[in-house]
Amino acid sequence: FNVKYLQTKEEIIDESKTNIDHALKQANVTINDYVESAKEAFDTLKEECSNLKEQINVNVETLNQKNEKQQVILEKYIEEQISVLRDEAIHKVEKEIKSSKQTQSEIANMIAKLQIRIEKIEKTTVNNPKFSKKYNK
């Protein structure tokens, strides 16, 4: 009875060791599979992140180029507006100068006409006997 029991016990222990070794090997294979899958997933994620980073850089570059184009367009627009305003200001100043010259010319003409009239009046009054006494006093 004892011998059979001991053999059975040893057999049970051996069988348990075999089962444990098999389970450990299976667990190790499973763990290695998980590790390999995780590495592959990480590599895939790393590649996708790299692709996203590259796409972001392309998008940023595209936006920068659009911003530069818009900046150039805006600068040209501002230059055009400044040119238009400058031309308008020059035109207004030239118009004012011309108007001022016309006004000066008109005033000079009026003064010249007044001087001529004054001279005529003086000649008329000085040479007229009715006025000559009063005027020559």
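We did not get these values from a lab; they are worked out from the coordinates using the rules stated. Being a predicted model, the structure only gives us computed values, none of them experimental. Cβ atoms come from the backbone with ideal geometry, glycine included; neighbour counts cover every protein chain shown.
The phi-based Karplus calculation (6.51 cos²θ - 1.76 cosθ + 1.60; θ = phi - 60°) puts the 3J(HN,Hα) values of region 84-101 at 4, 4, 4, 4, 4, 5, 4, 4, 5, 5, 4, 5, 5, 5, 4, 4, 5, 5 Hz, whole numbers, x for Gly and Pro.
If you place +1 on the Cβ of every Lys and Arg, -1 on the Cβ of every Asp and Glu, and leave all else neutral, what size is the dipole of the chain about its Cα centre, to the nearest 20 Debye?
Details: 23 positive and 24 negative charges, 716 e Å.
Dipole size: approximately 3440 debye.
Full extension from GLN81 to THR44: what is 0.36 nm times the residue separation minus their Cα-Cα distance, to one decimal in nm? Walk me through the intermediate numbers first.
Numbers: separation 37, 0.36 × 37 = 13.32 nm, distance 5.42 nm.
Extending this stretch completely gives an extra 7.9 nm.
Could you compute the net charge surrounding ALA27? Neighbours are other residues with a C-beta less than 12 Å from the C-beta of ALA27; K and R count +1, D and E count -1. Summing Lys and Arg as +1 and Asp and Glu as -1 gives -1.
Near GLU68: Cβ cut-off under 13 Å, other residues only, Lys/Arg at +1 and Asp/Glu at -1. The net charge is +1. Taking a Cβ cut-off of under 13 Å around ALA112, the surrounding Lys, Arg, Asp and Glu residues balance to a net charge of +1, with basic ones at +1 and acidic ones at -1.
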